[in-house]
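Only the coordinates and a few stated rules stand behind these numbers; no lab work does. Treat the numbers as computed from the prediction; the structure is a model and nothing was measured. Neighbour counts are summed over all protein chains in view; Cβ atoms, including those assigned to glycine, are modelled from backbone coordinates with ideal geometry.
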Amino acid sequence: MVAVGVPPRYPSGALTEGSQPPKTPPAVAANRSQRNARRRRTTPLLLAIPLLLVASAVGLFLFTRGGEASIPIPFIGSEPEPVPPFDFPAPQVGIEATSEKTDVESLRATAEEAAAGAVPVIDQLYTEGFLDPNNWKDGEYDEVWELFDTSALPSAESSVETLTLGVGAGDVYQSVQPEKGKMKVRVLFDENGEVVSMVALVSFEAFAAGKDGTYTNVVSEGQFFLRDTGDGWKIYSFDAKRLDSEAAPPKPAPSASVSASTSP
């Protein structure tokens, strides 16, 4: 378990579990397709264009000089591997008010709007940290670290084995597929009815196939405390743990011949 600067847990009796966040989240974070579109990886073709221009210039020079030489073809690079699609279901939303006189239900709409801002942050955390093969095969998780506030970033990076599949995951796993996820969001209000922060209570499971023929249930549980930094919601504290266990091999799909022989 990794606990970093964790504020006191909210008392459950002061929370009200209720309806789901609005279907259209506010523009505090990009959706999954937008996040993938602005990934910070440089397109391999763009990297190859200068090399092609250089090779063409060298070839033209040798041709005009009558020289003989083989012109190396620049390495273009491969396309990024597909990322297994995954989104947490819409979370239950709880309200934590600092004043006992506060009408909790009057804060419901504001709480749901704030919670909608936390969902894409947690989606990205687990997609980039556990599912994107372009990250875990290289052991690099830049898209994960950008989700943390500067005060929590050093602790997050030192907890890479807990918050992600790990720096050596590419040597261990062949593939990883999401299984299920669950999230609850508790929103903290001040005495003026303004959102102070929120905590996302998360459980996540994935199925990983190892290079040695074994299988693993990848399990992550955590509390992630978020606040609005003016540049979107960022994680400023967390308490996370991994509960991985050995998994049974997947059952083979029924063959067509068996299905045909048992059909009426």
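Taking the conditions exactly as written (buried (at least 22 other Cβ atoms within 10 Å of the Cβ) and of a type outside the set (A, V, I, L, M)), does Phe148 satisfy them or not?
Working: buried (at least 22 other Cβ atoms within 10 Å of the Cβ): yes; of a type outside the set (A, V, I, L, M): yes.
Yes: the conditions hold for Phe148.
Would segment 218-241 turn up any residue that is more than 21 Å from the chain's Cα centre (by Cα) and touching a residue at least 40 places away in the same chain (Cβ under 8 Å)?
No, because not a single residue in segment 218-241 is more than 21 Å from the chain's Cα centre (by Cα) and touching a residue at least 40 places away in the same chain (Cβ under 8 Å).
Mind telling me which of the residues Asp239, Asp231 ends up being in a loop (DSSP other than H, G, I, E, B) and under 22 Å from Ala116 (Cα atoms)?
Asp231
Collect the residues in segment 201-217 that are within 14 Å of the chain's Cα centre (by Cα) and under 22 Å from Ala97 (Cα atoms), keeping them in residue-number order.
Val202
Mind checking which residues of segment 167-209 are crowded, with 17+ Cβ neighbours inside 10 Å, β-branched (Val, Ile, Thr) and closer than 23 Å to Asp142 by Cα?
Across segment 167-209, the qualifying residues are Val176, Val199, Val202.
Just to verify a result, which residue in segment 83-135, among those that are over 12 Å from the mean Cα position of the chain (by Cα) and without any contact (Cβ under 8 Å) to a residue 40 or more places away in the chain, is farthest from Met198 (Cα to Cα)?
Taking the candidates together, the pick is Lys101.
So in segment 233-256, with the set limited to residues that are among the small types (Gly, Ala, Ser) and either surrounded by fewer than 16 Cβ atoms within 10 Å (Cβ to Cβ) or touching a Pro at 6+ places or on another chain (Cβ under 8 Å) (or both), which one is farthest from Lys182 (Cα to Cα)? Quick ask: steps written out before the conclusion?
First, pick out the residues of segment 233-256 that are among the small types (Gly, Ala, Ser): 237, 240, 245, 247-248, 253, 255-256.
The next check asks that each one be either surrounded by fewer than 16 Cβ atoms within 10 Å (Cβ to Cβ) or touching a Pro at 6+ places or on another chain (Cβ under 8 Å) (or both); those that pass are 237, 245, 248, 253, 255-256.
On the way: Ser237: 19, Ser245: 19, Ala248: 23, Ala253: 28, Ser255: 34, Ala256: 36 Å.
The extreme case among them is Ala256.
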